1. For segment A:52-71, how many residues are in contact (Cβ under 8 Å) with a residue 60 or more places away in the chain and assigned to a helix (DSSP H, G or I)?
2. Go through segment B:64-75 and report how many residues are surrounded by 15 or more Cβ atoms within 10 Å (Cβ to Cβ) and closer than 16 Å to residue B:45 by Cβ.
3. Within segment A:383-418, how many residues are more than 24 Å from residue A:26 (Cα to Cα) and over 19 Å from the mean Cα position of the chain (by Cα)?
4. Given the conditions (1) within 24 Å of residue B:111 (Cα to Cα); (2) at pLDDT below 90; (3) outside any helix (DSSP H, G or I), which single one is not true for residue B:33?
5. Condition (residue is more than 10 Å from chain B (Cβ to nearest Cβ), assigned to a helix (DSSP H, G or I) and surrounded by 24 or more Cβ atoms within 10 Å (Cβ to Cβ)) applied to segment A:286-303: is it met by at least one residue?
6. Determine which member of the set A:82, A:93 is buried (at least 23 other Cβ atoms within 10 Å of the Cβ), in contact (Cβ under 8 Å) with a residue 60 or more places away in the chain and within 14 Å of chain B (Cβ to nearest Cβ).
7. Looking at (1) closer than 16 Å to residue A:374 by Cβ; (2) surrounded by fewer than 24 Cβ atoms within 10 Å (Cβ to Cβ); (3) touching a helix residue (DSSP H, G or I) at 6+ places or on another chain (Cβ under 6 Å), find the lone condition where residue A:145 falls short.
């Protein structure tokens, strides 16, 4: 079979249309603050049998034939796309972060794998009819797949959600990222083994041989391979044209890894993923190299892949509400409970654990890739695939609102959450010691600690280095024996000298008390408060407010504006 | 600051230089000095050890000699602990070969496991001079606060010319998080903003420590934690690179996927001061 000029024309035309629709809809969804992938899948649904195929079946068949050379060419293209997607996913995985986060990440990740896996396996095996599967021999492998499908996470979506919620660089953010990385590694390993177990290989290896080769490949690439790559990257980045040389190097290694794992009987994507981890681990890999390869894959190959999903499956004809709901319930229950408990057992509190649970619940592109491979391998039917896609999109979209809800409730490291009307006083003192004394009285009553104890700590800190900032603001502070931070505010219109940098008298005095042995909370709150009152006119307006209620209200409005 | 210094000594070519360095440190800290040697004690080995001490110009009577037997690293750690050493000095190659690094050399084991502070000298000198350039890697923990304070005291005693605190930070998955819609310039400015925020936070942290007598420079770098700071110290010809000792026991996996302090163990960026 050979591609004729007509075939080539149709092929290129179909790719152009796919890219055009994917980009337009991806951009629209991005503007709506939704993941671009949702738009790209919708583009596929519009172009596929669900909409375009219904309206104009002949044109659809001509442009996107379901068999023949054009179909083969398109399939090859999407195979390359999925390999590249897993290669860049691997680049983002940093196993050393897992080690530095230690028990919390490992426990969260382990429970986030095991609980959804058991739940998915058990329900699919015991009640296969819920998934539209018969009581035949294939239900065991199907149940294994469902367990794996429910236990995987999507690092890119998770990372983006953490960034949107402004918790990427926090302790919770690092735990979630580390757990998701470990989760991805084991999820893909298990899935590859299932493919091996199905006898999906065509190279005549037994399951045991495939398993042996897989484990050896992982160990070698992540030990010696990683070291060699780390030595080669600086040479390539300096001696060969940039970024062409390094991009070439990454793609060549990725494709070699992919070819090897395909050869040993597990899917090509796994090899690309593991090689991606080894490359991404290099301390010499420049951030702009990562960015360039991300742009290259995310803007060209990923859209083509996600559009191709809609082209393959009729989402309306294959929509089964029972399957969709079953998958959704299993996905939410397994991941939120599993990761939540894992985090809770490792020492996080209830709210933090729920944030971790919902954070890890995003399935995104990884689930869809897993689903399409299972569909191609005949592991699942189209109704289950549609259920998985809907679940992937729904879990990705819902993750941020749930996390945000639990973060807002109890985050006692944010100024906003420490603010209370009864901790605001209006004074008219002329010495800083007196203002501090009044604030300390408020703290003493609330914290049930002796006034003198708190005063001594605050004044001793004040003597070391005055705490006047600028714009009428002073933040006297100390670390004392308390469990949670405390904030009290004094409005002292008369102004007192706190040796502020702009030499202005301080009128807005915020007492900050934080737990001893926790520098991080103190620094976080100090920098948050200092940043909040950078605008002198805004502080002047606050000073004119007549009572505590109005002041707290205005501060909360300022906070929301600052976060939006 | 350090009341008893211990020197792990073998009959290597750097032995005499290590004794000289330790003698200088003994004077700086006004402390006692003990020499720990692991090996069979007989007249021949005693003579060799005395010869090294004499050649270094030390007074034998002012030095405590501790002999031990068995696996060198384990025996040094045990002897140092029993003798109440609070700063263990040892020499080490800048870099070990891959096998030695993974399975542990004497110096690397001391760095990872000695319960008190240690100073690992990568090129001890026969004519030791004070350390002038101090680089300290820091986060905001209480343990790190202790490291900064200890290194600062050390720097004051040495009349150091430079005291730089390095804060390195990394956001794994950042490229994935910002997605396909941001350009490289936007990514760079995002990193710059984060660096600025970290620098401001570190300034606040250092202010809280109330350290006086030496100008403190603060540097924030973005990249793999542990590697970026050690690399910065190396590129700036640090004399001392001070780190906080590992909180938990470092294992094989930590060497396979190095993070934080393991990068400094893997290739010493300068003389390494490990504060515990």
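The values are calculated or read from the model by the stated rules, or taken from the named source; none is laboratory data. Just so it is clear, the model here is predicted, and its values are computed rather than measured. Here Cβ is always computed from backbone atoms with ideal geometry, including for glycine, and neighbour counts include all displayed protein chains.
1. Total satisfying the criteria: 3.
2. Count: 6.
3. Final tally of qualifying residues: 12.
4. (2)
5. Among the residues of segment A:286-303, not one is more than 10 Å from chain B (Cβ to nearest Cβ), assigned to a helix (DSSP H, G or I) and surrounded by 24 or more Cβ atoms within 10 Å (Cβ to Cβ), which makes the answer no.
6. Values: A:82 fails: within 14 Å of chain B (Cβ to nearest Cβ).
None of the other options fit; the residue is A:93.
7. Of (1) closer than 16 Å to residue A:374 by Cβ; (2) surrounded by fewer than 24 Cβ atoms within 10 Å (Cβ to Cβ); (3) touching a helix residue (DSSP H, G or I) at 6+ places or on another chain (Cβ under 6 Å), only one is false for residue A:145: (2).
Okay, residues lined up against (1) within 30 Å of residue A:71 (Cβ to Cβ); (2) more than 28 Å from the chain's Cα centre (by Cα):
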site: A:260; (1), (2): yes, yes
site: A:278; (1), (2): no, no
site: A:281; (1), (2): no, no
site: A:294; (1), (2): yes, no
site: A:301; (1), (2): yes, no
site: A:309; (1), (2): yes, no
